[in-house]
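Trainee: Before I ask anything, let me first share the structure, which is written out below as structure tokens.
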Amino acid sequence: MVRVSIKLDRTLFPLTFIELTTSLEKLGFEISSELPFPRPRGRFIGTGNIARKGNFTIQIDAGSQAIGMIGPLLESTIDELDSFLNTLKRDYSVDFDEFAKYYQLVSHYEYKTVKNAYTKINDFFSHPKLDELSKIVEIPIKTFSFKVGLADVLPNGINWFDMQFSPDEKRNDGYAINIVYRNENRETYRNFISHIEEKIMKSIQLIEG
């Protein structure tokens, strides 16, 4: 699962119910039955998944001024969001890049491996302090998963990155990887996420030695 989104630096969401739904229907999206009908004439308010087309879902949070696309693969999800935003720009002269506070990727990946992910994660992060912690809690423990984040930056900042690796508990045949990345610069953001799958593979190779 991949979610790519834009957080806007505005007080009010820039589009109305009618403008949003008209553009979405033009692109073949089915509007959620939870949206009021007939459409209110005012600006869009509310939060949630407002439309769907195949494996893609448009998600809007008017309160936090964010618009995003959820999809199965990174490249196609970016393309769908770009297509929607370009349609809004063409139809209503609203350029979301002008109002962007930051761009964000939230993604979940599953990576199969012939090696035991739990063992490899534990070996990678084995530390004498774990033995001391085991004594404190009086239970034998090992590193089950690990999460890293951008150094010397708070996680609620505009620019952020974190990555978590865990054994895939559902199938027990690989890794589950969760990533959050956001940046205020569109070019920096796009360049980073375009190589994210390569970065994941290299990270797993490092873990597995």
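Each reported figure results from applying straightforward, stated rules to the coordinates on display, with no laboratory input. Keep in mind the model is a prediction, meaning the values are calculated, not measured. FYI the Cβ positions are ideal-geometry reconstructions off the backbone, even for glycines, and counts take in every protein chain you see.
Trainee: What order, most packed first, do the peptides 196-207, 55-66, 168-179 have when packing is the mean number of other Cβ atoms within 10 Å of each residue?
Mentor: Details: 196-207: 14.0, 55-66: 17.2, 168-179: 15.8.
Order by mean packing, descending: 55-66, 168-179, 196-207.
Trainee: For the chain, what is the mean residue ellipticity at 222 nm derived from helices alone (per DSSP H run of n ≥ 4: -39500 (n - 2.57); sum divided by total residues; nearest 500 deg cm²/dmol)?
Mentor: Calculated from helices alone, the mean residue ellipticity at 222 nm is -10000 deg cm²/dmol.
Trainee: While we're looking at this one, here's another question. Provide the packing ranking of 128-134, 2-8, 75-81, i.e. peptides ordered by the mean count of other C-beta atoms within 10 Å per residue, highest first.
Mentor: Top of the packing list down: 2-8, 75-81, 128-134.
Trainee: Mind jotting down the distance between the C-alpha centroids of the stretch 132-209 and the stretch 1-35, whole Å?
Mentor: With the stretch 1-35 and the stretch 132-209 each reduced to a Cα centre, they are spaced 30 Å.
Trainee: Follow-up. Sort 30-37, 96-103, 143-150 for me by packing, meaning the mean count of neighbouring Cβ atoms within 10 Å per residue, highest on top.
Mentor: 96-103, 143-150, 30-37
Trainee: Given the Cα-Cα distance of residue 10 and residue 202 and 0.36 nm per residue of separation, how much length would full extension add, in nm?
Mentor: Values: separation 192, 0.36 × 192 = 69.12 nm, distance 3.83 nm.
Gain on extension, residue 10 to residue 202, equals 65.3 nm.
Trainee: Dipole magnitude of the stretch 108-208 about its Cα centre, charges +1 at Lys/Arg Cβ and -1 at Asp/Glu Cβ only, in debye to the nearest 20?
Mentor: Roughly 140 debye for the stretch 108-208.
Trainee: Cα-based count: Lys pairs in the stretch 108-208 below 22 Å, eight or more positions apart or different chains?
Mentor: 23
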